[in-house]
1. With only Lys, Arg, Asp and Glu charged, each at its Cβ (+1 for the first two, -1 for the last two), find how big the charge dipole of the chain is about the Cα centre; round to the nearest 20 debye.
2. Exactly which chymotrypsin sites (Phe, Trp or Tyr not before Pro) in region 94-179 are in a DSSP loop and have at most 10 other Cβ atoms within 10 Å?
3. Can you tell me the accessible area per residue over the chain, all protein chains present, probe 1.4 angstrom, in square angstrom?
4. Along the charge dipole of the chain, pointing to its positive end and built from +1/-1 on Cβ of Lys, Arg, Asp and Glu, which listed residue (T100, W75, Y60) has its Cα farthest out?
5. Just for the chain, what percent of DSSP beta bridges are antiparallel, to the closest 5?
6. Rounded to whole Hz and in sequence order, give me ³J(HN,Hα) for region 100-107 from the Karplus expression 6.51 cos²θ - 1.76 cosθ + 1.60, θ = phi - 60°, writing x for Gly and Pro.
7. Could you work out the equivalent-ellipsoid semi-axes for the chain, taking the square root of 5 times each eigenvalue of the Cα gyration tensor, largest first, in whole Å?
8. Using the Cα centre of the chain as origin and beta-carbon charges of +1 (Lys, Arg) and -1 (Asp, Glu), tell me which of G9, T126, Y38 is placed farthest towards the positive end of the dipole.
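The values are calculated or read from the model by the stated rules, or taken from the named source; none is laboratory data. Note that the structure is predicted; figures quoted are calculated from it, not measured. For neighbour counting, all protein chains shown are included, and Cβ atoms are generated from backbone atoms with ideal geometry for every residue, glycine included. Accessible surface is based on the protein model in full, side chains and every heavy atom, while ligands, DNA and RNA are left aside. Shrake-Rupley method; radii C 1.70, N 1.55, O 1.52, S 1.80 Å.
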Amino acid sequence: MNRIGFIGGSDCVKIMRGDWYDLWEIKTQRKEPDDLSYNHQVQVGIRTENYNLEVFAKEYEVELENFQKEFVMNWNGVPLKGTIDASVKDQTAIVEAKHTNSFTKIDAQVDRYYPQLQFYMWLSNTTLCYFPNFFGNGKPWKCVAIPKDGEFIDRLKEKLVVFWQYVLRDDEPPKGEEL
(Lines give C-alpha, C1' and ligand atoms only; values in the text may rest on other atoms or scores of the structure.)
Protein backbone atom coordinates (compact mmCIF):
# COMPACT_ATOMS: atom_id res chain seq x y z
CA MET A 1 0.00 0.00 0.00
CA ASN A 2 1.30 3.42 -0.92
CA ARG A 3 1.70 5.50 2.26
CA ILE A 4 3.50 8.42 0.61
CA GLY A 5 2.17 11.97 0.26
CA PHE A 6 -0.23 12.10 3.21
CA ILE A 7 -0.70 11.38 6.89
CA GLY A 8 -3.05 8.51 7.73
CA GLY A 9 -4.62 7.10 10.87
CA SER A 10 -1.87 4.66 11.77
CA ASP A 11 0.67 7.44 11.15
CA CYS A 12 -1.06 9.48 13.86
CA VAL A 13 -0.34 6.71 16.36
CA LYS A 14 3.38 6.94 15.54
CA ILE A 15 3.37 10.73 15.58
CA MET A 16 1.72 10.95 18.99
CA ARG A 17 4.09 8.26 20.37
CA GLY A 18 7.05 10.34 19.20
CA ASP A 19 8.15 7.63 16.73
CA TRP A 20 8.91 10.22 14.07
CA TYR A 21 12.20 9.12 12.57
CA ASP A 22 10.99 5.77 11.21
CA LEU A 23 7.82 7.38 9.84
CA TRP A 24 9.84 10.23 8.31
CA GLU A 25 12.05 7.69 6.51
CA ILE A 26 8.94 6.07 5.03
CA LYS A 27 7.29 9.38 4.05
CA THR A 28 10.50 10.60 2.37
CA GLN A 29 10.95 7.22 0.63
CA ARG A 30 14.27 6.46 2.31
CA LYS A 31 12.75 3.27 3.66
CA GLU A 32 10.03 0.95 2.44
CA PRO A 33 7.11 0.42 4.81
CA ASP A 34 6.83 -3.05 6.30
CA ASP A 35 5.18 -5.56 3.98
CA LEU A 36 2.12 -6.65 5.95
CA SER A 37 0.74 -9.01 3.32
CA TYR A 38 2.07 -12.04 5.24
CA ASN A 39 1.85 -10.62 8.76
CA HIS A 40 -0.45 -13.13 10.47
CA GLN A 41 -1.86 -10.71 13.04
CA VAL A 42 -2.65 -8.05 10.45
CA GLN A 43 -4.22 -10.52 8.05
CA VAL A 44 -6.41 -12.09 10.76
CA GLY A 45 -7.65 -8.59 11.64
CA ILE A 46 -8.46 -7.85 8.01
CA ARG A 47 -10.28 -11.14 7.53
CA THR A 48 -12.35 -10.84 10.73
CA GLU A 49 -13.24 -7.16 10.28
CA ASN A 50 -16.55 -7.74 8.47
CA TYR A 51 -17.64 -10.30 11.04
CA ASN A 52 -16.66 -7.92 13.84
CA LEU A 53 -18.84 -5.23 12.24
CA GLU A 54 -21.72 -7.73 11.92
CA VAL A 55 -21.44 -8.61 15.62
CA PHE A 56 -21.37 -4.92 16.52
CA ALA A 57 -24.47 -4.15 14.44
CA LYS A 58 -26.37 -7.04 16.01
CA GLU A 59 -25.28 -6.32 19.60
CA TYR A 60 -26.05 -2.60 19.35
CA GLU A 61 -29.12 -3.08 17.13
CA VAL A 62 -27.96 -0.54 14.57
CA GLU A 63 -27.54 -0.39 10.82
CA LEU A 64 -24.10 0.33 9.40
CA GLU A 65 -23.22 2.21 6.22
CA ASN A 66 -20.26 3.89 4.54
CA PHE A 67 -18.06 0.78 4.71
CA GLN A 68 -14.39 1.59 4.00
CA LYS A 69 -15.24 5.21 3.28
CA GLU A 70 -12.21 7.39 2.66
CA PHE A 71 -11.96 10.94 3.97
CA VAL A 72 -9.40 13.35 2.55
CA MET A 73 -8.49 16.78 3.87
CA ASN A 74 -5.69 19.28 3.51
CA TRP A 75 -5.27 20.98 6.86
CA ASN A 76 -2.77 23.85 7.12
CA GLY A 77 -0.74 22.36 4.29
CA VAL A 78 -0.80 18.82 5.68
CA PRO A 79 -2.47 16.26 3.39
CA LEU A 80 -4.61 13.89 5.46
CA LYS A 81 -6.33 10.66 4.49
CA GLY A 82 -8.30 8.21 6.60
CA THR A 83 -10.54 5.26 5.88
CA ILE A 84 -13.21 4.36 8.41
CA ASP A 85 -14.47 0.80 8.73
CA ALA A 86 -18.12 1.96 8.83
CA SER A 87 -20.49 4.55 10.21
CA VAL A 88 -23.70 4.09 12.16
CA LYS A 89 -26.78 5.07 10.20
CA ASP A 90 -28.71 7.97 11.75
CA GLN A 91 -25.89 8.73 14.21
CA THR A 92 -22.79 10.91 14.05
CA ALA A 93 -20.71 7.87 14.94
CA ILE A 94 -18.09 5.74 13.22
CA VAL A 95 -16.95 2.20 13.91
CA GLU A 96 -13.33 1.04 13.93
CA ALA A 97 -13.00 -2.74 14.41
CA LYS A 98 -9.85 -4.49 15.65
CA HIS A 99 -8.68 -8.01 16.42
CA THR A 100 -5.85 -8.59 18.89
CA ASN A 101 -4.34 -11.37 20.97
CA SER A 102 -6.11 -12.89 23.96
CA PHE A 103 -3.70 -11.30 26.46
CA THR A 104 -4.44 -7.68 25.56
CA LYS A 105 -6.95 -5.71 27.62
CA ILE A 106 -9.49 -3.32 26.15
CA ASP A 107 -7.92 -0.35 27.96
CA ALA A 108 -4.58 -1.10 26.28
CA GLN A 109 -6.31 -1.25 22.90
CA VAL A 110 -7.95 2.12 23.50
CA ASP A 111 -4.62 3.64 24.57
CA ARG A 112 -2.83 2.20 21.54
CA TYR A 113 -5.36 3.31 18.93
CA TYR A 114 -6.63 6.52 20.54
CA PRO A 115 -4.77 8.83 18.10
CA GLN A 116 -6.12 6.90 15.10
CA LEU A 117 -9.69 6.92 16.45
CA GLN A 118 -9.59 10.65 17.21
CA PHE A 119 -8.09 11.33 13.76
CA TYR A 120 -10.93 9.43 12.07
CA MET A 121 -13.58 11.30 14.09
CA TRP A 122 -11.97 14.61 13.12
CA LEU A 123 -11.81 13.73 9.41
CA SER A 124 -15.32 12.28 9.30
CA ASN A 125 -16.79 15.12 11.40
CA THR A 126 -18.35 12.69 13.86
CA THR A 127 -18.60 12.86 17.64
CA LEU A 128 -18.33 9.21 18.67
CA CYS A 129 -16.33 6.15 17.72
CA TYR A 130 -17.47 2.64 18.57
CA PHE A 131 -14.42 0.44 19.00
CA PRO A 132 -15.31 -3.28 18.83
CA ASN A 133 -12.48 -5.75 19.49
CA PHE A 134 -11.99 -9.47 19.18
CA PHE A 135 -9.44 -10.86 21.62
CA GLY A 136 -7.73 -14.00 20.36
CA ASN A 137 -9.98 -16.99 20.05
CA GLY A 138 -11.21 -17.52 23.58
CA LYS A 139 -12.03 -14.20 25.17
CA PRO A 140 -15.31 -12.38 24.70
CA TRP A 141 -15.87 -9.67 22.15
CA LYS A 142 -15.77 -6.18 23.69
CA CYS A 143 -16.78 -2.77 22.45
CA VAL A 144 -16.28 0.67 23.94
CA ALA A 145 -17.71 4.00 22.84
CA ILE A 146 -15.08 6.73 22.65
CA PRO A 147 -16.19 10.36 22.45
CA LYS A 148 -14.42 12.95 20.33
CA ASP A 149 -11.69 14.66 22.33
CA GLY A 150 -11.19 18.20 21.03
CA GLU A 151 -8.19 18.93 23.26
CA PHE A 152 -6.40 15.80 22.06
CA ILE A 153 -7.22 16.61 18.44
CA ASP A 154 -5.78 20.10 18.90
CA ARG A 155 -2.50 18.58 20.19
CA LEU A 156 -2.54 16.12 17.29
CA LYS A 157 -3.03 18.95 14.78
CA GLU A 158 0.00 20.79 16.18
CA LYS A 159 2.20 17.70 15.93
CA LEU A 160 0.98 16.89 12.42
CA VAL A 161 2.09 20.30 11.18
CA VAL A 162 5.50 20.06 12.87
CA PHE A 163 6.10 16.51 11.58
CA TRP A 164 4.98 17.35 8.04
CA GLN A 165 7.42 20.27 7.94
CA TYR A 166 10.26 17.78 8.46
CA VAL A 167 8.94 15.81 5.47
CA LEU A 168 8.57 18.89 3.27
CA ARG A 169 12.02 20.24 4.17
CA ASP A 170 13.53 16.76 3.78
CA ASP A 171 15.08 17.41 7.18
CA GLU A 172 15.63 14.59 9.69
CA PRO A 173 13.54 14.84 12.85
CA PRO A 174 15.29 14.11 16.13
CA LYS A 175 15.64 10.41 16.90
CA GLY A 176 13.97 9.00 19.99
CA GLU A 177 13.08 12.33 21.57
CA GLU A 178 9.69 13.41 22.76
CA LEU A 179 8.52 15.97 20.23
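1. Values: 22 positive and 28 negative charges, 30 e Å.
Charge dipole of the chain: 140 debye, to the nearest 20.
2. Numbers: sites: F103, Y113, F119, Y120, W122, Y130, F134, F135, W141, F152, F163, W164, Y166; in loops: F103, W141.
For chymotrypsin sites (Phe, Trp or Tyr not before Pro) across region 94-179 that sit outside H, G, I, E and B with at most 10 neighbouring Cβ atoms in 10 Å, the list reads F103.
3. Details: 10020 Å² over 179 residues.
So the chain comes to 56 Å² accessible per residue, rounded to a whole number.
4. T100
5. Numbers: 17 of 24 bridges.
Close to 70 percent.
6. For region 100-107, the Karplus curve yields 9, 6, 6, 8, 7, 9, 4, 4 Hz.
7. Working: eigenvalues 159, 71, 43 Å².
Each semi-axis is the square root of five times an eigenvalue, giving 28, 19, 15 Å.
8. Y38
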